Amino acid sequence: MFITIPKVFANMGFGTGARILFFLLALLAAVTSAISLAESGVSTFEDQLGFGRHKSTLLMGAVIILFGSASALGFGVLDFVTLLGM
């Protein structure tokens with residue numbers, strides 16, 4: 001997506017504006033999808049553990065940052081770490 005699409009837009013009239021609009025809309029789609037995915041975890045913390053909305057949101061944010069950072073660093077700094085032989 002980040003290699004082919006810019007080349008396609010480069011060959012179009014008004015390609016720069018279309019490229020900017022396309023990637024801004026892709027960013028918006030990614031952010032809204034991430035919010036909806038986090039909502040299921042927040043709802044679970046509220047229903048199962050009885051936490052309030054604010055506390056559930058902060059806890060889910062911390063979980064996402066923890067696992068997301070470990071996943072991102074797994075291709076660099078933490079590449080020596082294995083889980084279940086993988």
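Highest mobility in the GNM of the chain, judged by mean-square fluctuation with C-alpha springs under 10 Å and restricted to Gly50, Gly13, Gly74, is found for Gly13. In loop segments of the chain as defined by DSSP, the chymotrypsin sites (Phe, Trp or Tyr not before Pro) with at most 12 further C-beta atoms inside 10 Å of their C-beta are Phe2, Phe14, Phe75, Phe80. Based on Cα atoms of region 27-85, Rg over Rh with Rh as the Kirkwood radius reads 1.09. First measure r as the distance between the Cβ atoms of Ser69 and Val8, then evaluate 1/(1 + (r/R0)^6) with R0 = 35 Å and state the FRET efficiency to the nearest 0.05. Approximately 0.55, to the nearest 0.05. Selection among Leu66, Ala29, Ala10 by position relative to the dipole of region 5-81 gives Ala10 as farthest towards the positive end (Cβ unit charges, Cα centre). Result for the chain in a Gaussian network model with C-alpha springs under 10 Å: among Ser56, Ser33, Ser71, the largest mean-square fluctuation is at Ser71. Each label was represented as a point 7 Å from its Cα along the Cα-to-Cβ direction; for Val31 and Ala62 these points are 2.6 nm apart.
Values in this text are rule-based calculations from the coordinates and carry no lab data. What you are looking at is a predicted structure, and each value in this text was computed from that prediction instead of being measured. With ideal geometry, Cβ positions are generated from the backbone for all residues, glycine too; neighbour counts draw on all protein chains shown.
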